[in-house]
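Read-outs: derived from the displayed coordinates by stated rules, not from any lab. Only a predicted model underlies this, so the values are computations on that prediction, with no experimental measurement involved. Methodologically, a virtual Cβ is constructed for each residue, glycine included, from the backbone with ideal geometry; neighbour enumeration extends over all protein chains shown.
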Amino acid sequence: MDKLKPCPFCGWKAILHTHHSKIYIGCANDKCFTFMHLFETDEEAIESWNKRARVDLENIADHLIEAASEAFEHQDRELLIKSLEECFNNGK
Ligand SMILES: [Zn+2]
């Protein structure tokens, strides 16, 4: 079985839960609220979580590159912080 990747939004550990004999995966950070809907098996849930973690990271990277180059160009620290906040609130 694949190992669970960390939450793409906050980097915390992801946890596998059982709910009425179905499986779901959620972030361990109770301020993050990232979780996925129910699956039949552990394998399906983990595969889906890890795939999503990858896609989310790619989106975050794209957004960061764009935001960072603008912030660096203007030497604007506040703009960079704002962009980082947007990144990590994405997809909720
Ligand atoms: Zn999280």
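When 77, 52 are sorted by how many other C-beta atoms sit within 10 angstrom of their C-beta, beginning with the fewest, the order is 77, 52. Estimated from helices alone, the mean residue ellipticity of the chain at 222 nm is -17000 deg cm²/dmol (sum of -39500 (n - 2.57) over DSSP H runs with n ≥ 4, per residue).
Between residue 78 and residue 59, the contour length at 0.36 nm per residue exceeds the Cα-Cα span by 4.7 nm.
With a cut-off of 14 Å between beta carbons, the residues surrounding residue 22 carry a summed charge of -4, where Lys and Arg count +1 and Asp and Glu -1. Charged side chains reduced to their Cβ positions (Lys and Arg at +1, Asp and Glu at -1) give the chain a dipole of some 400 debye around its Cα centre.
Provide, in order from the shortest bin, the percent of all Cα-Cα pairs of the stretch 14-89 in each 10 Å bin, continuing until the bin that contains the maximum pair distance. With 10 Å bins starting at 0, P(r) equals 18, 36, 24, 16, 6, 0.
Stretching residue 10 away from residue 42 to a fully extended chain increases their span by 9.3 nm, per 0.36 nm per residue minus the current alpha-carbon distance. By the beta-carbon count within 10 Å of each Cβ, the least crowded to most crowded order of 5, 82, fewest first, is 82, 5.
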